[in-house]
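S.K.: One structure, as structure tokens, below. Some questions next.
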Amino acid sequence: MNRLIIALTITVVWTSIGLSVPEGIPIQYMDPRDRMPMSTSERMQLSTDSRPYSRTVIVEAGSDAEKVILLVEEDISTAISSALSTFQTDLESDGYDVEVWLISGGSAEDIRNDLKTEYSSGDLVGAICIGDIPTGWVDSGYGEYPVDVFLMDMNGTWNDPDSDGLYESYSSGGPEIWVGRLSPTYLTFGGAADLLNDYFARNHAYRTGALSLPDRALAYEEAFTGLTGYLHDLYSTVVTNSSPAGTNADDFKAELLNGYEWIHLISHSSPWGSSFHTGAPPAGAGTLNNFEVPPLDPHAFFYVLNCCSNGRWTEVDNLANIYIWNNSYGLVALAQTKVDYTNDFQEYYQSLAAGNCLGVAFRTWLASNMSMEDGAVLLGDPTLRPRMGTVCLTSFNGAVRGPTGSDSWLSYDITDGLHTQGRVDTYFDPSSGEIFAVCGSSDPVRANIIATHFDSDSWAQPIAVSNHEYWDWHPTVGGDGLGNVWAAWQSMQNNHEGYDIYISQWNGTSWVNETILTDGDPFEVEPAMDGGNGHTWLVWQKWQNSSTDIEGVFWTGSTWSDINTVSVEDGEERHPDVAYSGNGFGLVYHARRDGNWVICFRDAPDSGPFGAETVISSSTENSRYASITSDGSDYWVAWQDDNGAILCSHGSGSGWTTPETVSSSGGCVRSSIISSSAGDITAMWTFGTSELHYNTYAGGAWQGYYAAVSEDAVDDASLAWSGSKLWAVYGRRDTDLQWDLWACTPDPVGIAGPSSASVSDLSVYLVGRNPFRGSVVLSITSLSPAKLRIFDLSGRSVLDREVESGLFTWNGTTDYGDPIPSGVYFVIVSNSFSTESCRLIKI
């Protein structure tokens with residue numbers, strides 16, 4: 001076979017440099033939620049696998065064709081075996097000779113050594129990392145970041161003079177092979193195996209022409225305009241928006257629904273969001289946050305993200321990964337794991353225009369840009385080619401919405417405006433009888449903290465808690481039960497390379513006495529707070545010396561204590577929550593123990609330190625993101641597992657009940673839990689992206705889960721009990737794509753609905769994933785009998801039914817019982833007064 005050999009060998013030593021346009025404009029790092037990426041040592045500690053390196057070849061290449069190796073995380077291989085077999089067949093149909101390796105333990109260097117051996121024998125052109133496959137890390141003038149180019153370099157020397165696992169220089173030409181990455185490991189929206197199975201089905205549908213989008217591209221230049229010109233080499237139709245006044249978060253979100261095969265975005269960004277600042281008015285131009293993307297369901301296959309650190313796949317809910325994993329269309333994103341330098345991607349687009357696959361174009365582009373783009377990563381399948389199956393449409397309607405309004409709870413809007421609100425925490429103050437709620441907000445610019453309170457009659461207009469120039473996010477609110485109420489949050493204000501914990505006190509009309517509790521090089525994040533009887537614990541997660549631990553301060557009744565170390569076990573401890581029981585405190589967090597994430601508990605007396613750690617979840621399954629409450633005798637803890645279910649256990653000390661599933665078996669994330677004054681327990685969680693579900697424990701048993709609200713899209717809810725009424729406060733996206741703060745409470749008559757309901761009210765929306773494989777469930781609301789019809793793209797009717805309100809399951813067959821082929825289908829539901837529709841994709 002022919003292989004391009006680049007004879008020039010260079011030595012790269014990373015320093016902070018400033019280069020000329022177009023290859024050297026640093027895009028300013030910005031994150032609207034006050035977070036910094038993990039350092040290399042932190043990431044390496046998090047992913048440390050003590051098992052020795054193991055490579056098992058389960059499918060061996062057997063021809064002289066171009067060889068592609070699938071590097072599969074062994075722990076998930078069984079769960080994806082069927083989908084992986086289809087993927088292998090698809091690659092072989094493209095002419096590749098496919099080899100499959102199961103990988104466990106070891107390091108990126110072990111994998112690279114084996115790839116180098118394969119490369120030396122000839123024919124190896126690329127590899128695809130499937131699951132949590134390790135990669136190299138560098139320490140440069142751009143900080144520490146992961147580099148898949150380490151696995152692509154077959155003959156270079158990488159130097160780590162201080163043996164800390166961080167490469168400080170390397171000697172090499174361009175990469176010899178391409179590498180792509182399918183690593184949904186650190187997404188909270190679903191388990192890795194389920195996400196991979198869905199991806200492979202979507203990938204197959206694209207390859208076979210069953211999944212298509214309009215044959216056009218979007219060039220969206222929030223900053224450093226004029227760098228997307230080579231996109232015209234690939235697409236004859238390119239819609240470009242480079243107006244400083246016209247590029248904003250709302251407009252970009254709308255464009256994501258307009259239907260493009262390809263999107264190239266240039267924006268000030270972070271691993272979790274993209275901000276729009278250049279040319280913005282003083283009020284700002286908004287931010288696209290990671291949690292907004294799954295319910296938006298962008299209509300695009302391929303992305304180039306000129307966005308600082310958008311491609312840092314090692315971070316939880318990384319934005320570039322969400323573009324391709326948590327929607328109906330996403331396939332591939334080329335992004336950066338470091339603070340980015342803009343690039344015009346000339347070689348990338350020209351190679352694709354010549355008919356090469358994404359992997360070859362990626363390798364060719366890197367060969368000309370190694371000194372600046374070594375942090376580039378190709379997330380997705382690199383063997384794909386754009387424009388494999390195109391469709392020309394004059395219009396595209398965008399995502400399917402679920403019904404707005406409540407199902408069984410009454411809902412009330414607290415904000416209604418331009419800026420995004422979300423990620424709420426609540427606290428009931430027994431002294432005043434008020435519920436306090438705090439959340440993050442993009443008002444007025446970047447990210448700040450706002451708060452509201454409920455006085456048994458109404459929710460107050462939110463007011464600012466903090467308005468720092470730099471990022472404030474992840475607030476918590478709590479008190480001592482005797483009238484002292486505080487809000488705490490993480491902020492970048494005092495240290496632009498880290499985070500500190502700030503706290504402010506409520507004086508009855510405003511938040512005052514802002515105080516910084518931490519200071520120094522470590523950064524402290526994810527605070528949580530609760531208290532009673534004059535005492536309060538405020539805890540948080542601390543990054544330092546390659547590890548995360550739990551720290552906190554204690555309100556003694558008159559002052560905050562010095563910082564206490566709460567948990568410093570070997571392995572990571574993350575995302576703490578704390579609850580007061582009436583005579584003591586309970587603390588929960590998830591921790592890495594023996595290779596798995598488990599839920600851990602510690603308790604403390606009313607005035608004293610926390611005790612020993614108890615694992616309360618399964619030690620063999622991954623569990624994360626716990627919340628805790630107390631009924632006065634037992635602590636109750638809810639959390640999510642990797643299958644997308646919510647589990648709950650209750651107990652105290654070392655005695656806990658067997659975890660019980662309280663939700664559906666999938667699609668459930670990030671729970672909140674609360675106890676009423678009668679001792680009933682309610683757990684609530686986000687289901688999919690558009691519903692809040694809940695379950696109540698009463699009379700010695702869980703009563704079954706129900707939908708509390710179904711909206712256009714919802715963010716996580718926080719529960720609070722006012723002494724007489726249960727409330728949930730949450731973020732909600734309306735039809736204008738703006739996220740506002742809402743509160744809901746159970747309807748006293750049992751069924752909530754619009755006060756002006758009439759027989760014309762009608763809706764239809766999909767329950768579950770779209771595209772679907774076997775059967776699909778539709779939720780239909782109609783106050784009179786309705787007709788349901790399903791059509792294919794040609795307009796041919798495949799199903800005609802009479803339906804009532806409720807759930808309708810379609811098994812993917814026609815009226816005559818014949819299975820339908822893969823493709824796009826339209827559902828039309830109508831009654832005597834109205835017609836509604838939604839769009840399905842069968843794969």
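S.K.: What does the charge add up to near residue 633, with Lys and Arg as +1, Asp and Glu as -1, over the other residues with Cβ less than 14 Å from its Cβ?
M.R.: Result for the neighbourhood of residue 633: -4.
S.K.: Starting from the Cα gyration tensor of the stretch 63-157, take the square roots of the eigenvalues, sort them a ≥ b ≥ c, and report rounded, prolate or oblate (rounded when a/c is under 1.5, otherwise prolate if a/b is larger than b/c, else oblate).
M.R.: Since a/c reaches 1.5 but b/c is at least a/b, the shape of the stretch 63-157 is classed as oblate.
S.K.: When the Kirkwood radius is taken over all Cα pairs of the stretch 584-680, what Stokes-Einstein diffusion coefficient follows at 4 °C and 1.567 mPa s, in µm²/s?
M.R.: 95 µm²/s
S.K.: Count neighbours as other Cβ atoms within 10 Å of each site's Cβ, and list the chymotrypsin sites (Phe, Trp or Tyr not before Pro) in the stretch 593-692 that are DSSP loop with at most 11 such neighbours.
M.R.: none
S.K.: Here's another thing I want to ask about it. Taking a quarter of the surface of the Cα convex hull of the stretch 288-386, what do you get in nm²?
M.R.: Its average projected convex-hull area is 6.0 nm².
S.K.: Can you give me the long-range amide H partners of residue 376? Hydrogens built in the peptide plane at 1.01 Å from N, cutoff under 5 Å, separation of 5 or more residues or another chain.
M.R.: Those qualifying (amide H under 5 Å, at least 5 residues apart or on another chain) are 337.
S.K.: Are there chymotrypsin sites (Phe, Trp or Tyr not before Pro) in the stretch 784-821 that DSSP puts in a loop and that have at most 10 other Cβ atoms within 10 Å, and which ones?
M.R.: When the chymotrypsin sites (Phe, Trp or Tyr not before Pro) of the stretch 784-821 are filtered for loop state and at most 10 Cβ neighbours within 10 Å, 816 remain.
S.K.: Scan around residue 301 for amide H atoms under 5 Å from its own, H built in the peptide plane at 1.01 Å from N, and keep only partners 5 or more places away or cross-chain.
M.R.: 262
S.K.: Continuing with the same structure: Net charge around residue 386, counting only other residues with Cβ within less than 13 Å of its Cβ (Lys, Arg = +1; Asp, Glu = -1)?
M.R.: Net charge around residue 386: 0.
S.K.: Enumerate the lysines that residue 253 could reach by cross-link, defined here as Cα to Cα under 28 Å, with residues fewer than 8 away along the same chain left out.
M.R.: 338, 842
FYI, it's all coordinate maths here, none of it is from the lab. All figures in this text were calculated on a predicted structure; none of them were measured in a lab. Don't worry about glycine lacking a Cβ; one is built from the backbone with ideal geometry, like all the others, and counts go over all protein chains shown.
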